[in-house]
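> My questions will all concern the structure given below.
The values are calculated or read from the model by the stated rules, or taken from the named source; none is laboratory data. Remember, it's a predicted structure, so these values are computed and weren't measured experimentally. Every residue, glycine among them, receives a Cβ derived from its backbone with ideal geometry; neighbour counts consider all protein chains shown. Note: accessible area is taken over every heavy atom of the protein model, side chains too, but ligands, DNA and RNA are not part of it. Shrake-Rupley method; radii C 1.70, N 1.55, O 1.52, S 1.80 Å.
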Protein chains: 4
Amino acid sequence: MVVGVTVWGENVHERTEAHVRAIYPDGMHHTIAAAIADGLGASVSVRTATLDEPDQGLGADVLGGTDVLMWWGHIAHDDVDDALVERIHQRVLSGMGLVALHSAHYAKIFRRLLGTTCSLRWRNSGERELVWTVDPSHPIAAGVPHPIVIDAQEMYGEHFDIPTPDELVFVSSFAGGEVFRGGCCFRRGAGKIFYFSPGDQDYPVYHHPDVRRVLVNAVEWATPTRTDSVDRSQSPPAPSGWFE
Amino acid sequence: MVVGVTVWGENVHERTEAHVRAIYPDGMHHTIAAAIADGLGASVSVRTATLDEPDQGLGADVLGGTDVLMWWGHIAHDDVDDALVERIHQRVLSGMGLVALHSAHYAKIFRRLLGTTCSLRWRNSGERELVWTVDPSHPIAAGVPHPIVIDAQEMYGEHFDIPTPDELVFVSSFAGGEVFRGGCCFRRGAGKIFYFSPGDQDYPVYHHPDVRRVLVNAVEWATPTRTDSVDRSQSPPAPSGWFE
Amino acid sequence: MVVGVTVWGENVHERTEAHVRAIYPDGMHHTIAAAIADGLGASVSVRTATLDEPDQGLGADVLGGTDVLMWWGHIAHDDVDDALVERIHQRVLSGMGLVALHSAHYAKIFRRLLGTTCSLRWRNSGERELVWTVDPSHPIAAGVPHPIVIDAQEMYGEHFDIPTPDELVFVSSFAGGEVFRGGCCFRRGAGKIFYFSPGDQDYPVYHHPDVRRVLVNAVEWATPTRTDSVDRSQSPPAPSGWFE
Amino acid sequence: MVVGVTVWGENVHERTEAHVRAIYPDGMHHTIAAAIADGLGASVSVRTATLDEPDQGLGADVLGGTDVLMWWGHIAHDDVDDALVERIHQRVLSGMGLVALHSAHYAKIFRRLLGTTCSLRWRNSGERELVWTVDPSHPIAAGVPHPIVIDAQEMYGEHFDIPTPDELVFVSSFAGGEVFRGGCCFRRGAGKIFYFSPGDQDYPVYHHPDVRRVLVNAVEWATPTRTDSVDRSQSPPAPSGWFE
């Protein structure tokens, strides 16, 4: 079975800021999509979608054919339609995987799934980030060096206002001394969610081979296994002895 | 410091169904409020609030003075104002405790905090529920018999579509054979949330002394400790070396 | 790669009690081994080992070739050599999977890995056990009916003195009303551990097709992924900047 | 009720190394004990115990009167009697709190309770450690600055081979870039266990007021609540209907 992966990009910084366009001439979403296609080959079908497309890129056909949705947004979170957020939410609860990247900590869909503010501390001064594995058996850490060294990144620091992750995979440190739970798994309904913090638009983070490896692993991990057949859309009555 | 407890009741079944009114002449909210007042005495100030009151019972003054909110709703979940749900949500994330009772699994505020459908299976045939403690050291289980025997209750059964609880305290079984994770703790932002499943309106569950003990324990557990001074309402920049 | 599975059986009840031998003429270990071989075919190499064999069935060659160890013991826990327990312990921490069955809750290796007493309540009166799935997305629940109906089993009830499981998959109820966290995952070092409570020697539980499905799923889940290359046997010094 | 706190110190470095004795003239255990006595006053009765005392400082009377045991050991872990470790283990499972400090990650009692190797990476070059709070509502973080700044400490880095903590309170970063889950809670049986990594003998860490605050908070948190009356020492039979 071919896994449908859709990489959604806000695509604003790339169009409005020359230094971002220099790093990502086709937009971050294309760079990320290429990482997945390179890593998983014929087992996936990768497409991109952006905010400025009809239906904000995620019409019923596209969303219905998406097994794993990757999401990068930052400056235009508020422009995402609430009705679309609702449709994505239901898709995740029904089993679609979600990989939320960097400033997507503040995406409507991420906050809605987690129920918290998802606030954090930040500093954009291009400092070194080290991504340490705290769960070396986790499939998302497979083949990932310990640590990943990212020469320049925006700092994201604690306190990160999320529920306790179901699985904590990576913890980052920054040159300035802060730490951040930057690789976190959550399970909501039948869906698996992975948040990965590296990836500010000002730095070529999604060209980094180790970061790309994490993205590939995350898509594999978040792919629905289709073993979960629970219908969560209703609360059905259960006559006594129905299982006998 | 006196802890402000507000017991919010939907107060519909009690007004429209004689057999419910016979069990709870003043409404379930008054019975629950009395349990808390009896159990915690002068350390708490307990009030009630209902859907049919101005501001649906939870105006700014009331909500602002509430340290722990208890919630019972069922047939009128949809009537609760979205703006009120938003205000309660922010209060919980800022530290207010929430005790969600029985059919409040489908309350807007509960689903919003958890991010899942909170669906389950049910059967209302007045069968025996046994509430077993799986975490005997948990403060909410203090002084609670193992099991609590409730002679007649609505059955709530798995699968219960919630995130994995941060702490699982009680698991119920029913005469018909089903099981249910009926005593679950969640932590969201600075707030503590406890869900407790016993309490259908058709049975005198909130008169049961062991159930009342659980409610009292839950209020004590959910009371904000005020040791958490993180401002989650924003993501502040952090200059390099700010902590030195 | 062929996965090496070893089914260790105490093999005492089967030799000394006629009614057990009638259910398991070749011993429980053979019935369990056949379930795995039937379910996983050429992808596994299944062998059995028993307490009465040289090296208690688990000499260096056998243990070294075992990727997943299944363990059934009851009356002879104390006869297992401490040195063997130590070797199994190290193997699990290095990645070998362990599937502990029924009364293996009291096996030396299980208690050593978990660090608690693993005590529980029990009643052997051949009553119906219902095994409910509380984590329907979990790979060990794949294809398993909700609930599994086991007509006659020994009752195991809470409180079960284990650490909070890393993943809770199944909760059982019994005709007498008790509940039990009977399907629990633990991760220790690089190894995955699954405890599954059905399987008293007095009943033909390991002939039950749904139970066999769980065992097969558990072996697949517990198989080491070999993505974890951490050497846990020592605490190495790390010179400053070693990762640059 | 007065809480009995015993601070166990290995007391080897202090006796054999002048520079350690200069920092802790009476031994680390006395400095730690003074922190607890200063912080909790008449609500606690604090004593010290050392390896070189009769019964290694923890005879039946002392251990029986200890509600919370604090443990610092390093170079002499192997000298601790296995029979004593067994007695401490049973005490913890019965409810005694345990606060394990720094190199006690390798103490027999800690490894026995956790079941893993507890290995880590280290570098003793007197670098700055920052202790960040990731769970600001946790009672052990009450009144603790974010971050605690420790000017000179031994580096402890991931991977730290422990089970996933039941509660993760602090994560440290070091000047060299490493991170460490240095403040972890575990619950085993009726006992609460807190591991706190700061505190190498070569630096005056236990004189640091913020570190002392953590120790005080940890003792309060680990104090048995006496609400847990489960007898874990056996697995009792439960006749059908025993709870009716």
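> Where does each of B:S125, B:S173 land when they are ordered by accessible area, with a 1.4 Å probe and the largest first?
Details: B:S125 70, B:S173 5 Å².
Output order, biggest surface exposure first: B:S125, B:S173.
> Shortest first and in nm to one decimal, what separations exist between D:G65 and its copies in the other chains, measuring from label points 7 Å along the Cα-to-beta-carbon line?
Values, ascending and in nm: 5.0, 5.9, 7.7.
> Right, next: Once you have the Kirkwood Rh of the stretch C:85-154 from its Cα pairs, apply Stokes-Einstein at 20 °C and 1.002 mPa s and quote D in µm²/s.
Details: Rh = 14.6 Å.
Answer, rounded: 147 µm²/s.
> Tell me, what is a quarter of the convex hull surface for the C-alpha atoms of the stretch A:17-62, in nm² with one decimal? Please list the in-between numbers first.
Values: hull surface 15.7 nm².
So the Cα hull casts an average projection of 3.9 nm².
> Between D:D78 and C:Q90, what is the spin-label point distance in nm, taking each point 7 Å from the Cα along the Cα→C-beta axis?
About 1.4 nm separates the two model spin labels.
> Something else now. Taking the Cβ-Cβ separation of D:S240 and A:A18 as r and a Förster radius of 51 Å, what is the calculated FRET efficiency to the nearest 0.05? All intermediate terms of the calculation are to be shown ahead of the outcome.
Details: r = 78 Å, r/R0 = 1.52.
It comes out at approximately 0.05.
> Pairing the Cα long axis of helix B:28-40 with the longest principal axis of chain B, what angle in degrees results, from 0 to 90 and rounded to the nearest 10?
Long axis of B:28-40 versus the principal axis of chain B: about 70 degrees.
> Right, next: Name the most mobile residue of B:T16, B:T223, B:T50, meaning the one with the largest mean-square fluctuation, in a Gaussian network model of chain B with Cα contacts below 10 Å.
B:T16
> Which log10 I(q)/I(0) values, to two decimals, does the protein assembly as shown give at q = 0.09 Å⁻¹ under the Debye formula with one point per Cα?
Listed by q, the Debye log ratios stand at -1.04.
> Run the dipole for chain B about the Cα centre, Lys and Arg Cβ at +1, Asp and Glu Cβ at -1, nothing else charged, and hand back the magnitude in debye, nearest 20. Provide the component values of the computation, followed by the final result.
Numbers: 19 positive and 32 negative charges, 85 e Å.
My answer is approximately 400 debye.
> Scan the stretch A:123-221 for GluC sites (Glu not before Pro) in coil per DSSP, keeping those whose Cβ has at most 16 other Cβ atoms within 10 Å, and list them by number.
Numbers: sites: A:E127, A:E129, A:E154, A:E158, A:E167, A:E178, A:E220; in loops: A:E158, A:E178.
Qualifying residues, ordered by number: none.
> For the rotation taking chain A to chain D, which residue of A has the Cβ nearest the axis, and how many Å away is it?
A:S173, 2
> Step through the residues of the stretch D:56-63 one at a time and calculate ³J(HN,Hα) from phi using the Karplus curve (6.51 cos²θ - 1.76 cosθ + 1.60, θ = phi - 60°), rounding each to whole Hz and writing x for Gly and Pro.
6, x, 10, x, 4, 5, 5, 5
> For every other residue with a beta carbon closer than 11 angstrom to the beta carbon of D:V5, add +1 if it is Lys or Arg and -1 if Asp or Glu, then tell me the sum.
Values: positive: D:R47; negative: D:D67, D:E220.
Taking every Cβ under 11 Å from that of D:V5, the sum is -1.
> Could I ask something else about it? For B:P236, place a label point 7 Å out from Cα along the Cα→Cβ vector, do the same in each other copy, and report the separations in nm, one decimal, smallest first.
Listed shortest first, these distances are 4.1, 5.2, 5.4 nm.
> Could you order C:K108, C:K192 by accessible surface area, starting with the largest, using a probe radius of 1.4 Å?
On the way: C:K108 60, C:K192 40 Å².
Greatest to least solvent exposure: C:K108, C:K192.
> Once amide H atoms are placed 1.01 Å from N in the peptide plane, what residues at a sequence separation of 5 or more from A:M70, or on another chain, have their amide H within under 5 Å of its amide H?
A:T6, A:V7, A:W8, A:V99
> What is the distance, in nm, between label points placed 7 Å from the Cα along the Cα-to-Cβ direction at C:A152 and at B:S233?
About 6.7 nm separates the two model spin labels.
> Distances from A:V149 to the same position in the other copies: list them in nm, one decimal, shortest first, using label points 7 Å from Cα along Cα→Cβ.
Those separations, rounded to one decimal, come out as 2.7, 6.3, 6.8 nm.
> Separate question: Can you give the charge dipole size of the protein assembly as shown about its Cα centre, rounded to the nearest 20 debye, using +1 on the beta carbon of Lys and Arg and -1 on the beta carbon of Asp and Glu?
Details: 76 positive and 128 negative charges, 0 e Å.
So the dipole magnitude of the protein assembly as shown works out to roughly 0 debye.
> Another question, then. Based on DSSP, what percent of beta bridges with both residues in the protein assembly as shown are antiparallel, to the nearest 5?
The antiparallel fraction comes to roughly 50 percent.
> Taking the Cα centre of each part, how many Å lie between the stretch D:12-82 and the stretch A:70-143?
So the two Cα centres are separated by 46 Å.
> Accessible area lost on pairing A with D, both sides, 1.4 Å probe, Å² to nearest 100?
Details: alone 10860 and 10880 Å², together 20390 Å².
Roughly 1400 Å² of accessible surface disappears when A and D pair.
> Would you work out which of D:P147, D:A18, D:P54 lies farthest towards the positive end of the dipole of the stretch D:17-166? Charges go on Cβ: Lys and Arg +1, Asp and Glu -1.
After comparing all options, I get D:P147.
> If you place +1 on the Cβ of every Lys and Arg, -1 on the Cβ of every Asp and Glu, and leave all else neutral, what size is the dipole of the stretch D:45-170 about its Cα centre, to the nearest 20 Debye?
Working: 9 positive and 19 negative charges, 38 e Å.
Here the stretch D:45-170 has a charge dipole of around 180 debye.
> Let me make sure I get this right: for the stretch C:1-137, a, b and c are the square roots of the gyration tensor eigenvalues over alpha carbons, sorted descending. Under 1.5 in a/c it's rounded, otherwise prolate if a/b > b/c, else oblate. Which is it?
Values: a/c = 1.20, a/b = 1.17, b/c = 1.02.
It comes out rounded by the Cα gyration axes.
> Order the following by accessible area, largest value first: C:S45, B:S137. Probe radius 1.4 Å; ligands, DNA and RNA are ignored.
Working: C:S45 65, B:S137 25 Å².
Most to least solvent-accessible, the answer reads C:S45, B:S137.
> What is the Cα radius of gyration of chain C over 2.2 N^0.38 Å, N being its residue count?
This ratio for chain C stands at 1.01.
> To the nearest 0.05, what FRET efficiency results for D:H207 and A:S43 with a Förster distance of 45 Å applied to their C-beta separation?
Numbers: r = 58 Å, r/R0 = 1.29.
After rounding to 0.05, the efficiency reads 0.20.
> Pull up the cross-link candidates among the aspartates and glutamates for B:K108, meaning alpha carbon to alpha carbon under 12 Å and not fewer than 8 places away within one chain.
Hits, sequence-local ones excluded: B:D78, B:D79, B:D81, B:D82, B:E86.
> Applying the Karplus parametrisation 6.51 cos²θ - 1.76 cosθ + 1.60 with θ = phi - 60° to the phi angles of the stretch D:131-138, what ³J(HN,Hα) value in whole Hz is obtained for each residue in order, glycine and proline being reported as x?
These are the phi-based 3J(HN,Hα) values: 9, 9, 8, 9, 10, x, 7, 5 Hz.
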